[in-house]
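The values are calculated or read from the model by the stated rules, or taken from the named source; none is laboratory data. Predicted model, so just to flag it, every value in this text is computed and none were measured. Using ideal geometry, Cβ is built from the backbone for each residue, glycine included, and neighbour counts are taken over all protein chains shown. Surface areas here come from the heavy atoms of the whole protein model, side chains and all, with no ligands, DNA or RNA. Shrake-Rupley method; radii C 1.70, N 1.55, O 1.52, S 1.80 Å.
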Amino acid sequence: MLKRGFGLLKGSLLQARLHLRREMAKSKFEYVRDFEVQDTCLQNCWVVVRVDGRNFHRFSEQHKFTKPNDPRALLLMNHCAKNVMEEIKDICLAYGQSDEYSFIFHKKSNWYKRRASKFMTHVVSQFASSYVFYWNEFFPEQPILYPPGFDGRVVLYPSVQNLKDYLSWRQADCHINNLYNTVFWALVQKGGLTPAQAQDRLKGTLAGDKNEILFSEFNINYNKEPVMCRKGSIIIWNKVNEIRKKLIKLPHEAEEKEVEVCRVRNQPVILHCDIISDTFWEDHPDVLSSES
């Protein structure tokens, strides 16, 4: 018994020495943490994380996207954005068009202590992995040839008006790019011009000129083009009643019975509408409120 007790004591001392050595080694090298940059986002500011497809012109060509807009690609982007919002509840609104998406974190959010690197890396990685994971659901006949790349940036906006102006800027960009692409591809696909000739034809034209080309030469009314392409996609949280069937045992009943249980929960919904005018904000006054 004495030998056994001595052996246990010796083993405990050995473990204590090893633990002490590990702690000393850890403290010896832990100074490298001082090289980390403190990237905390300023308090009381809206945090916007914008995700952009990297080199998506080549990606869309090699995966045979329909021009000027492939609805499958746009719906896949929307699905990925919804997945990001479902994973990160601090996002109060998202706006997307073409190969980009902007995610707005509420100004009161303290997610990951407001570290900009955490905001960006989590959003971009979740979005990119969702894009690959859900690809087959939207492109069942087109295998993905190589992993797509996405970059991200973090921008802070101190006021609600700044944030609204940012979203208006992105939707205006959507309109300008989509109008140009619609005319460009009409000239190429229906007008028989080469891409270089179409580019020369549109050089210096204004929005009215482009609309006139579409209507007079191709009988296309731009205002009747799909609203998702013209306005982009807005994702907000919406309360919905969810009814589920559940087996419960009622008082004075011998067996369980199936009953319908109703609960209210938030889920992201996609809208295609004008976000520049005040109408959207008047119709959805709680989108940016701290209670929503």
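So here's what we get for this one:
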{"read-out": "Among the candidates 79, 106, 63, residue that is in contact with a Cys (Cβ under 7 Å, 6 or more places away or on another chain) and either of a type in the set (D, E, K, R) or closer than 29 Å to residue 176 by Cα (or both)", "value": "106"}
{"read-out": "When residues of the stretch 160-175 are limited to those that are over 17 Å from the mean Cα position of the chain (by Cα) and in contact (Cβ under 8 Å) with a residue 12 or more places away in the chain, the one most open to solvent (accessible area, probe 1.4 Å)", "value": "175"}
{"read-out": "Test: residue in the stretch 116-126 that is closer than 30 Å to residue 277 by Cβ and touching a Leu at 6+ places or on another chain (Cβ under 6 Å)", "value": "no"}
{"read-out": "Residue match in the stretch 20-30 (condition: open to solvent by 100 Å² or more (accessible area, probe 1.4 Å), modelled with pLDDT under 80 and outside any helix (DSSP H, G or I))", "value": "no"}
{"read-out": "Cβ-Cβ under 6 Å pairs, at least 6 apart or on other chains, the stretch 224-242 side farther than 30 Å from residue 211 by Cα and at pLDDT below 95, far side hydrophobic (A, V, I, L, M, F, W, C) and surrounded by 12 or more Cβ atoms within 10 Å (Cβ to Cβ)", "value": "238/269"}
{"read-out": "Verdict on residue 102 being among the polar types (S, T, N, Q), in a helix (DSSP H, G or I) and over 17 Å from residue 134 (Cβ atoms)", "value": "no"}
{"read-out": "Unmet criterion (only one of (1) open to solvent by 60 Å² or more (accessible area, probe 1.4 Å); (2) part of a loop (DSSP other than H, G, I, E, B); (3) not charged (D, E, K, R)) for residue 223", "value": "(2)"}
{"read-out": "Identity of the residue in the stretch 107-119, open to solvent by 60 Å² or more (accessible area, probe 1.4 Å) and in a helix (DSSP H, G or I), that ends up farthest from residue 67 (Cα to Cα)", "value": "113"}
{"read-out": "So residue 100, is it acidic (Asp, Glu), in contact with a Lys or Arg (Cβ under 7 Å, 6 or more places away or on another chain) and at pLDDT 95 or above", "value": "yes"}
{"read-out": "Residue within the stretch 48-56 that is of a type outside the set (Ser, Thr, Tyr), in contact with a helix residue (DSSP H, G or I) (Cβ under 6 Å, 6 or more places away or on another chain) and in contact (Cβ under 8 Å) with a residue 60 or more places away in the chain present", "value": "yes"}
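Listed here are the residues, each with its yes/no results for (1) open to solvent by 20 Å² or more (accessible area, probe 1.4 Å); (2) farther than 17 Å from residue 50 by Cβ; (3) more than 12 Å from the chain's Cα centre (by Cα); (4) modelled with pLDDT of 95 or more.
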residue	(1), (2), (3), (4)
72	yes, yes, yes, yes
76	no, yes, no, yes
85	no, no, no, yes
88	no, no, no, yes
96	no, no, no, yes
105	no, no, no, yes
